[in-house]
Amino acid sequence: PEETVTSSFASFIHAARPEHLSQTVRHRSKRMILDSIGVGLVGSTTRVFDIALRYCRLYSSVAVSSVYGKPGVKLSPTLAAFTNGVATHSMDFDDTWHPATHPSGAVLPALLAASQMLPPNTKPNGLDFLLAFNVGLEVQGRLMHFSTEAHDIPKRFHPPSVVGTLGSAAAAAKLLSLSSAQCSHALGIAASLAGAPMANAATQAKPLHVGNATRLGLEAALLAARGMEANPLILDDIPGCSGFSAFYSVYQPKPLSTPSQHHEFLLEKQDIAFKRFPAHLGMHWVVDAALSVRNLFINYAGSFSPSLIRTIMLKIPVSKYINRPFPSSEHQARHSFQFNACAALLDGEVGLGSFSESSIHRQELRELLDKVVVEHPEDNVANFDKMYGEVALLLHSGDVLTGKCDTFYGHWRKPLSKESLLKKFRSNASHVLPEEKVEAIIALVENLENLADCSQL
């Protein structure tokens with residue numbers, strides 16, 4: 001039969017082998033796995049995680065899969081994947097790729113849950129786990145590259161709820177050793193379970209997007225393994241009958257070649273962005289710009305004195321859901337250019353505590369927010385590869401101080417060092433685990449290729 005885009009993806013998932021992973025891809029993906037686990041662990045301390053966990057515990061089922069930050073608590077594999085996915089995105093602290101999506105959180109919880117589900121004599125090893133993880137990343141990245149719309153900050157669908165669901169299905173299909181035909185059906189089933197609107201950004205519902213992506217992708221693979229079928233052309237562009245193209249106004253799919261010894265995964269050429277603080281990725285530009293101008297201000301005035309400031313000018317891209325002048329909740333604050341710039345100016349840092357209720361409603365912070373004016377320069381596009389953040393302080397004296405950031409520390413053009421990544425992981429994981437377990441996870445991930453049973457992770 002003639003090869004289709006969908007069949008090429010299925011063949012890729014089925015045929016991918018560990019030797020197709022370069023050292024660069026292994027290194028980068030292990031950094032992603034470690035960071036995602038840490039983010040999930042600290043995310044297990046949040047209110048939205050508690051809501052999700054209480055919901056999942058309503059169900060009586062085969063409880064074999066672990067839950068982040070809750071020793072002794074186990075759920076069914078799909079509900080564990082859901083709960084851990086919610087934890088991973090509960091603070092908007094998880095990694096971000098380009099085109100824009102959160103790739104790890106949509107895949108890793110499904111693989112962790114599935115690895116505990118399998119019988120003892122069929123447990124995949126660490127290299128199998130690493131391969132499945134990268135297959136899930138690759139499918140997400142390839143699907144994102146099929147649409148020019150996907151390259152910009154999203155307006156309609158939250159990307160991990162779309163490509164993440166299919167990435168989870170692909171990763172789970174690989175870990176479960178599905179046939180090529182079953183891989184195709186898993187992608188088709190996942191497409192019917194995908195999608196969430198951007199209107200729920202900056203609410204407690206947004207973490208559900210990642211929770212659902214990882215859970216429903218796993219469910220799609222499990223259904224396909226049991227014989228359920230779906231449209232074998234789901235990824236193809238069929239005029240008059242939308243498949244995956246329903247999610248994008250511009251969609252031009254191309255077949256994915258069967259991996260060879262020299263296959264280059266997208267992660268080889270496009271590194272990931274890791275966040276230094278728990279907020280929407282766009283905030284990292286304005287925070288670094290604000291910290292830069294704050295240092296100039298202290299050198300100018302001797303200390304940070306808000307009374308000397310007449311206007312705070314932000315030059316940011318147009319993106320409605322992260323342009324929030326006066327956020328009233330932690331989730332709104334994580335999605336507010338204005339809040340993050342002012343918090344950085346006032347405190348000299350942005351961290352976990354910046355988004356507490358007491359911090360958000362401080363009088364001195366609200367006074368700074370009153371001084372903010374926003375501009376949208378034409379050259380500042382809503383694209384994580386091209387945007388910049390600029391913060392200018394217009395003083396009562398008439399002087400103007402300006403800080404600008406076009407590449408923050410943690411962006412794929414300026415990756416976190418190993419020391420910075422480990423510092424972030426230790427800080428996050430230590431909220432719920434003792435030091436010896438934190439260090440044990442670091443050792444397991446660093447030596448993942450040599451792990452005989454990936455469920456140990």
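Of the DSSP H helices in the chain, those with a Cα length along their own long axis of 27 Å or more and a mean Kyte-Doolittle hydropathy reaching -0.5 comprise 23-43, 126-145, 206-225.
The chymotrypsin sites (Phe, Trp or Tyr not before Pro) of region 34-103 meeting both criteria, a DSSP state outside H, G, I, E and B (loop) and at most 16 other C-beta atoms within 10 angstrom of the site's C-beta, are 59. Projecting the Cα atoms of 374, 407, 417 onto the charge dipole of region 373-457, computed from C-beta unit charges around the Cα centre, puts 417 farthest toward the positive end.
On alpha-carbon atoms, Rg over Rh for region 44-107 using Kirkwood Rh? We get a ratio of 1.01 for region 44-107.
In terms of Cα atoms, the Rg and Dmax of region 331-457 work out to 19.8, 67 Å. When only the Cβ of Lys, Arg, Asp and Glu is charged (+1, +1, -1, -1), the dipole of region 281-405 relative to its Cα centre reaches about 120 debye.
Can you give me the solvent accessible area of residue 37 with a 1.4 Å probe, rounded to the nearest 10 Å²? Taking all protein chains as shown, residue 37 has close to 10 Å².
Charges were assigned to the Cβ only: +1 to each Lys and Arg, -1 to each Asp and Glu. The resulting dipole of region 403-457 about its Cα centre is roughly 480 debye. For region 281-405, the gyration tensor built on C-alpha atoms gives an oblate shape. Its axis ratio a/c (a ≥ b ≥ c) is at least 1.5, and a/b is not larger than b/c. The fraction of accessible area contributed by carbon and sulfur in region 13-67 is 52 percent, rounded to a whole number (1.4 Å probe; ligands and nucleic acids excluded).
Taking all protein chains into account, the per residue accessible area for region 281-405 stands at 41 Å² (1.4 Å probe). Among the listed pairs 74/269; 206/269; 74/437; 386/423; 206/418, give every one whose C-alpha distance is greater than 26 Å. Too far apart for the 26 Å limit: 74/269; 206/269; 386/423; 206/418. Let me make sure I get this right: for region 54-212, a, b and c are the square roots of the gyration tensor eigenvalues over alpha carbons, sorted descending. Under 1.5 in a/c it's rounded, otherwise prolate if a/b > b/c, else oblate. Which is it? Oblate, because a/c is 1.5 or more while a/b does not exceed b/c.
For region 95-213, give the percent of accessible area contributed by carbon and sulfur heavy atoms, probe 1.4 Å, rounded to a whole number. Spell out each step's value before the answer.
Numbers: 1640 of 2960 Å².
Carbon and sulfur: 55 percent of the exposed surface of region 95-213.
Using the Cα centre as the reference, give the magnitude of the dipole from point charges on the C-beta atoms of the chain (Lys, Arg: +1; Asp, Glu: -1; all else neutral), rounded to the nearest 20 debye. Here the chain has a charge dipole of around 720 debye. Accessible surface of region 314-356, 1.4 Å probe: 50 percent of it comes from carbon and sulfur atoms.
Potential lengthening of the chain between residue 228 and residue 446 amounts to 74.8 nm, from the contour at 0.36 nm per residue minus the alpha-carbon distance. Which entry is the computed Rg and Dmax of the Cα atoms in Å for this structure: [x] 45.5, 177; [y] 25.1, 84; [z] 22.1, 75? Of the listed options [x] 45.5, 177; [y] 25.1, 84; [z] 22.1, 75, [z] comes from this structure.
The values are calculated or read from the model by the stated rules, or taken from the named source; none is laboratory data. Worth saying up front: this structure is predicted, and the values here are computed from it rather than measured. Quick reminder, even Gly has a Cβ in these numbers, built from the backbone with ideal geometry, and neighbours come from all protein chains shown. Only protein heavy atoms, including side chains, enter the accessible area calculation; ligands, DNA and RNA are left aside. Shrake-Rupley method; radii C 1.70, N 1.55, O 1.52, S 1.80 Å.
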